[in-house]
Every structure is written in C-alpha cells, then in structure tokens.
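Below: one structure, written as structure tokens.
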Amino acid sequence: MQGNAGAPGTVVKARAGLIVPMDDRGAMSLAMGMLATDMDLAAELAQAGRRRIGDFPQEKVVAQYWSLFGEYLGKTGGTP
C-alpha cells in the first residue's frame, strides 16, 4: 500500500521530515530548496529524525526481516 502525500507539487511537513508525492521531481526540488534555505526547519527536522530513529531498534528490525524471509522461504522460527 502506498501513501498519498497530496497533490502533485505538494510538500507536506510531517513529524520527522518532509513528504512529497512519489515520482514528483518538482515537489522533491521544492522540499530540498526548503531545507537549503530554512535553517530552522532543517535543524528542527534533523533533531526530530534523530528522535524518530529510536522507534526502530536494530534488534527488532533485524528480527522482522528474518521473520519475513522465513515466511517467504516457507520456514518458521524467524532467525537463521
């Protein structure tokens, strides 16, 4: 399932970043320009991104990947 960032050319400010529609070069360019010219926004989102990474502990992500690989291969147990 794909998310919808909005109308073409739209940049949406999210909790930990900017969201642009897929394959929308204009919106991506606009978002990059926003970060290059608004240092307060860039700093705010950088700090939010550092906090957000805590939601994805390495051990949990690795376990989820192994579980998916195991399902794909028809195995159980999750880890190699």
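Please treat every number below as a calculation from the coordinates, not as lab data. From a predicted model like this one, the values you see are computed outputs, not experimental measurements. Don't worry about glycine lacking a Cβ; one is built from the backbone with ideal geometry, like all the others, and counts go over all protein chains shown.
Observations
- Along segment 55-68 the Karplus relation, 6.51 cos²θ - 1.76 cosθ + 1.60 evaluated at θ = phi - 60°, assigns HN-Hα couplings of 6, 10, x, 3, 4, 5, 5, 4, 4, 5, 4, 4, 5, 5 Hz to successive residues, with x for each Gly and Pro.
- Over the residues of the chain, the helix contribution to mean residue ellipticity at 222 nm works out to -17500 deg cm²/dmol, using -39500 (n - 2.57) for each DSSP H run of at least 4.
- Ranked list, fewest to most other Cβ atoms within 10 Å of each Cβ, for 53, 19: 53, 19
- Whole-number percent relative contact order across the chain, with pairs defined as alpha carbons under 8 Å at least 6 apart: 18 percent
- A simple spin-label model places the labels of residue 39 and residue 23 3.9 nm from each other, with each point 7 Å out along Cα-to-Cβ.
- Ranked packing of 42-49, 59-66, most packed first, by mean Cβ within 10 Å: 42-49, 59-66
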